[in-house]
Amino acid sequence: MPAAISYVDVVVPLPLPKMLTYSLEGMEQAVELGMRVVVQVGTKKRYTAVVWRVHDQAPTVYAARPIDSLVDEYPVVVPRQRALWEWMADYYLCTRGEVMAAALPAGLKLSSQTRLVVHPDRNEADVRALDVSSQLLYDAIFARQGMTIQEAAKLLDVQSPQRAINRLVDAGLILSEEELKERYKPKMERILALSEVYLDENKVQDLLDQLEGRAPKQAHVLMGYLSLASSWGAPVLEKDLKVKAETDTAMFRKLEERGVIKRTQRPERSSNLPASVASKALPVLSPAQKVAYEALKTSREAQRLSLLHGVTGSGKTEVYIHLIADALEAGGQVLFLVPEIALTTQLIQRLELHFGDYMSVYHSRFTTRERTETWLDVLGAPSHKKRNPKGGRLVVGPRSAIFLPYTNLQLILVDEEHEASFKQQDPAPRYQARDVAMWMARDHGAFLVLGSATPSVESHWLAEEGRIDRVPLTERFGGAMMPEIVCADLKKAHRQRAMLGHFSRMLRLEIEAVLKEGKQIILFQNRRGYAPMWQCATCAWVPQCERCDVPLTHHKWKNKLDCHHCGYVVDPPPAACSSCGKSTMQPKGLGTERVEEELKEHFPQARVARMDLDTTRSRHGHERLVRAFANREFDILVGTQMVTKGLDFAHVRLVGVLHADRMLNFPDFRSFERAYQMLTQVAGRAGRTGARGKVILQSFNPDHWVLTKVMAHDYEGLVKQELLERKNYKYPPFERLIRITLRHSDDARVDAAAEVLAYRLRQRFAARAIGPETPVISRVNDLYHRLILLKFERNLSPATYKSLLLEDVQSFQSDDRFKRIRITVDVDPA
């Protein structure tokens, strides 16, 4: 290394406004940008940092410490990632360290207290191929049944044992204790296949001739196997052969003892998946899909961004698959963003059929090791090269997948681009993944497609302005009709005493008719739990959360009152009222748990499942539920907004929305847009194949203009009205918003602080600063909130007003009176 280069600026995963400078004194290996190093921050703590700049300028205000060690042999953060981190820090008003903390998987930023254990599926023979220090570390971890990284450093007598740990992890010999706890054991199913001896058809025929005389039952089972096998010697499910041959497990054992078949196990698959995930031929496009595909190719050649506006059930996924195939054929990388990975089980299964060898899935429910391996796969790390002859890679993931180290990104797909879950809330960076994807497309020269049946108002406006191309797909695949949507008047039903629990007569009769046909039903109630509150029937007193200004939600299955904001619990719910003393406490309102109970009471013959956060907490809980419903193990699926996203069930004929009004009355300028999107999306689950589906919206206000637009499938009318109102009242897309939130445990102090900051901002930005205001939920987790909203014209320079805003916020925070006030700045709030 040249003598002049002796310092590095590094980014540590902390909210520091500036980078820290360290010395390379004593460092023999070459240090490159994007490599990880271990550095000391403060008196004791050590962090994994990323090298951002190598130079020969010593810091002027402090003596540079030497770095402890170099972790990598090659950069794990590529130049385009560093450019993305810089842009996100500037645009979303946060620090590079906060972006780093969000971007890197935990496996790439291990702390000194991470505990290491031996891998349960290790191959001991691999230990002999390692160097002496790695073998010593492995033997110690094995003997002690685990050790921390700090203990490993002492054992090897080094400041950082990262390299030895990396070699053991790469060899599959150790993993973190946290990862071991996360390991998932899938439900297994037994399969049967011909043994190697009988892969010759002539030998099987000879065997059948022998068995027909001596053991006719075994011959019957073998004939049943041959009729079920998709190809000669292919595996079949043991349970299917039992039914086909009308036999039992004992008969399979006899054939296994004869050496005719072999019995093994594999993870259970959905009934709509083939036995192999080898690449399958691309789906044949309908005429309408071909037109959309060709239009998207034209946009790609013109280097334009595109919006694929396809109605529910139009087959946008098939168009995506053809675009993905084009990019992979060219050896490029593809990023497929989905709102929530747990809610896209079917989509991932379909993509896996075509691109299994090229596909990686990346999300937070994967183990630390799996996320780290995906990172290194995408990077093309020497120890993680995949056998892709052309180097293509498809990555499917939620918003966090934007942070992976893409080096040849050619296509970005953002499915259901209107979803609010693409916006990160806490912690920083509070980014909108759809907007970040648009920046990445320009930076990489990649083709971006935003897809939705109900595009966001902002995306529709961009298309109207000619900034992106709009490609319509207006008919459902296979000639299926759009569902019939009708409204049940709850006010009228209550007046006529036509309600059965929370079901109107109209909805009840439709449920009965669909169940008689043997079809399936989805019921939507966007509120989990049994009831939103636990109320006294005498004086109307309601138990409140002690830390938040919200009533506690009743969960009957666990007999508790829960706060969904901070986790506060009352166990069990009070039987007597704390206000009047009477024992008249009862659940008030409607949650998914209560809907499930009423269905089992009123339709005892129906098999009912519930899909909400309570039933899908485990890593594969949602996948199991989707598979079971797709396999028709349930007749009715009750759920929150989970049932509105990414589900394609062939036998759903009826969708019911139990309380459509709640979404319309939320105090947010996007409430009408989101109500329309959610109702249209859940309605789109009905009648996707075969006969026309039906949707029933239960409402106390059936003449509301948004509900009339939903029933008429009038997206254009909805957007036209929304754009008119937003222009008049200065909201996006005509203005840009920045929301400042102040939080403190003292209500009076945060109120005074908010007034001071708002006054300062009004001096700087005049009427563009609005507030402070108290939000609907004014206290969460013992912190009182105040909001200040800033509106800026689109023709103003964001860089200019953001730098001025940061000056004011930093000046405010330097005031001794307000140093304990927590401030968050949210650019483009959802």
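Across all C-alpha atoms in the chain, the radius of gyration and Dmax reach 30.1, 100 Å.
Just the protein heavy atoms count here, and of the accessible area of region 586-688 at 1.4 Å, carbon and sulfur take up 49 percent.
Using every pair of distinct Cα positions in region 502-624, the Kirkwood expression returns a hydrodynamic radius of 16.1 angstrom. Protein heavy-atom surface of region 52-106, 1.4 angstrom probe: 51% of the accessible area is carbon and sulfur, with nucleic acids and ligands not counted. The packing ranking, built from the mean of other Cβ atoms within 10 Å per residue, places the peptides 44-51, 509-516 in the order 44-51, 509-516, highest first. Out of every Cα-Cα pair that region 441-539 contains, those further apart than 19 angstrom amount to 71 percent.
Dimensions of region 557-652 along the principal axes, based on C-alpha atoms and rounded to the nearest Å, stand at 53, 32, 18, largest first. Put simply, when 55-68, 563-576, 621-634 are sorted by average Cβ atoms within 10 angstrom per residue, most first, you get 621-634, 563-576, 55-68.
Solvent exposure of region 779-830 amounts to 50 Å² per residue of accessible area, where only protein heavy atoms count and the probe is 1.4 Å.
So with the 1.4 Å probe, I'd like the accessible area per residue for region 576-730, rounded to whole Å².
The answer is 41 Å² per residue.
Taking Cα centre as origin and charging only the Cβ of basic (Lys, Arg, +1) and acidic (Asp, Glu, -1) residues, the dipole magnitude of region 422-473 rounds to 100 debye.
The Kirkwood hydrodynamic radius of region 484-551, based on inverse pair distances between different Cα atoms, is 15.3 Å.
Unpaired Cys in the chain, meaning no second Cys C-beta under 4.7 Å: C94, C487, C566. Derived from the Cα gyration tensor, the three semi-axes of the equivalent ellipsoid of region 207-271 are 20, 12, 11 Å, largest first.
Projection of the Cα convex hull of region 520-567, averaged over all directions and equal to a quarter of that hull's surface, yields 4.7 nm². Against the compact-protein benchmark of 2.2 N^0.38 Å, the Cα-based radius of gyration of region 657-728 scales to 1.15. Using every pair of distinct Cα positions in region 48-149, the Kirkwood expression returns a hydrodynamic radius of 17.3 angstrom.
In the chain, helices alone account for a calculated mean residue ellipticity at 222 nm of -10500 deg cm²/dmol, with every DSSP H run of four or more residues adding -39,500 (n - 2.57). Based on alpha-carbon atoms, the Kirkwood radius and the radius of gyration of region 621-765 give Rg/Rh equal to 1.12.
Express the relative contact order of region 680-830 as a whole percentage, based on alpha carbon pairs under 8 Å and six or more residues apart in sequence.
Once normalised by length, the contact order is 27 percent.
Shape analysis of region 690-830 yields a ratio of the Cα radius of gyration to the Kirkwood radius, Rg/Rh, of 1.13. Descending by average beta-carbon neighbour count within 10 Å, the peptides 547-557, 809-819, 99-109 line up as 99-109, 547-557, 809-819, the highest first.
The values are calculated or read from the model by the stated rules, or taken from the named source; none is laboratory data. Because the structure is a prediction, the values reported are computed rather than measured. Cβ atoms come from the backbone with ideal geometry, glycine included; neighbour counts cover every protein chain shown. These area figures cover heavy atoms from the full protein model, side chains too; ligands, DNA and RNA do not enter into them. Shrake-Rupley method; radii C 1.70, N 1.55, O 1.52, S 1.80 Å.
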